[in-house]
1. If only one of 35, 26 is surrounded by 11 or more Cβ atoms within 10 Å (Cβ to Cβ) and not aromatic (Phe, Trp, Tyr), which one is it?
2. Can you tell me how many residues in segment 1-17 are part of a helix (DSSP H, G or I) and modelled with pLDDT under 85?
3. Among the listed residues 28, 56, which satisfies the condition of being assigned to a helix (DSSP H, G or I) and modelled with pLDDT under 90?
4. Restricted to segment 38-70, and to residues that are more than 19 Å from the chain's Cα centre (by Cα) and charged (D, E, K, R), which residue is surrounded by the most Cβ atoms within 10 Å (Cβ to Cβ)?
Amino acid sequence: MTNNRLLGIGLGGFGIAGICCFTPLLVILVTSVGLSALVGWFDYVLFPAMAVFATITGYALWNRWKQQQA
């Protein structure tokens, strides 16, 4: 997987998880469908997902920096 694709996946996933976590967008969507019981579990999924995507982004940036140094 290329660094640009890895960076895009990391930034995209982090952005989506951030939007769903810090705005009520996902809560409004889920409650409008009638699944409001799931809202309490969002933090158990979204925060680790943000950490994983931040790690992927950091790895891609580190690889890009390492290739520029060579």
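The values are calculated or read from the model by the stated rules, or taken from the named source; none is laboratory data. Just so we're clear, the structure is a prediction, and the values are computed from it rather than from any experiment. Methodologically, a virtual Cβ is constructed for each residue, glycine included, from the backbone with ideal geometry; neighbour enumeration extends over all protein chains shown.
1. Numbers: 35 fails: surrounded by 11 or more Cβ atoms within 10 Å (Cβ to Cβ).
Checking each option against the conditions leaves just 26.
2. Taking segment 1-17 and keeping what is part of a helix (DSSP H, G or I), we get 3-17.
Add one more test, that the residue is modelled with pLDDT under 85, and what stays is 3.
The number of residues fulfilling the criteria is 1.
3. On the way: 56 fails: modelled with pLDDT under 90.
Residue meeting the stated conditions: 28.
4. 64
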